[in-house]
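Here's the structure, in structure tokens; my notes come after.
Every number in this text was worked out from the coordinates using simple rules, so none of it is lab data. Just so it is clear, the model here is predicted, and its values are computed rather than measured. We place every Cβ from the backbone using ideal geometry, glycine too, and count neighbours over all the protein chains shown.
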Amino acid sequence: MGVRRSRCTDPTGKCAPHEGIFLAWDEGRRFVTTDAVTADLQPAGPFMIGIWEIAPEGEGTRYTASARHWTEEAMQRHAEMGFEQGWNACADQLQALCEAA
């Protein structure tokens with residue numbers, strides 16, 4: 001499908017790069033990524049599949065982001081890394097961009 005490269009920066013400025021691939025891309029509706037495989041198709045210790053979706057709802061748009069982990073331990077490790085706070089911050093930033101447009 002394609003390469004996905006992103007990075008997460010914590011409040012102290014420490015940056016952690018993340019690489020993976022797109023598993024699905026439905027224009028204007030959804031995209032799905034995983035970090036279990038790198039851009040050159042090498043296994044990368046499966047951690048999660050991320051799913052981001054938008055859909056019309058009333059006079060607005062519903063945004064849904066979800067993560068599927070291979071194991072309970074991976075899910076817990078992700079939570080300990082601040083996963084929920086980070087994804088919530090991304091959602092808040094996306095909302096601000098959309099409302100400013």
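For Cys8, nonlocal amide neighbours, meaning residues 5 or more places apart or on other chains whose placed amide H falls under 5 Å from its own, are Ala16, His18. If Lys and Arg each add +1 and Asp and Glu each add -1, what is the summed charge of the other residues whose beta carbon sits under 12 Å from the beta carbon of Phe31? Local charge sum for Phe31: 0.
Take Glu53, Glu27 and order them by how many other Cβ atoms sit within 10 Å, fewest up front.
On the way: Glu53 14, Glu27 6.
The most exposed by this proxy come first: Glu27, Glu53.
Picking from Gly28, Gly58, Gly45, which is most flexible by a Gaussian network model of the chain using Cα springs under 10 Å? Residue with maximal mean-square fluctuation among Gly28, Gly58, Gly45: Gly58. Here Cα extents along the principal axes in Å was computed from the coordinates, and among [x] 42, 34, 24; [y] 61, 34, 22; [z] 39, 36, 20 the match is [x]. Annotation: amide H of Ala39 within the under-5 Å range of Gly20, sequence separation 5 or more or interchain, hydrogens built in the peptide plane. Using the basic label-point model (7 angstrom from Cα toward the beta carbon), what is the Arg68 to Ser6 distance in nanometres? Simple spin-label model gives 1.7 nm for this pair. Of the chymotrypsin sites (Phe, Trp or Tyr not before Pro) found in region 45-91, the ones in coil according to DSSP and having at most 16 other Cβ atoms within 10 Å of their Cβ are Trp70.
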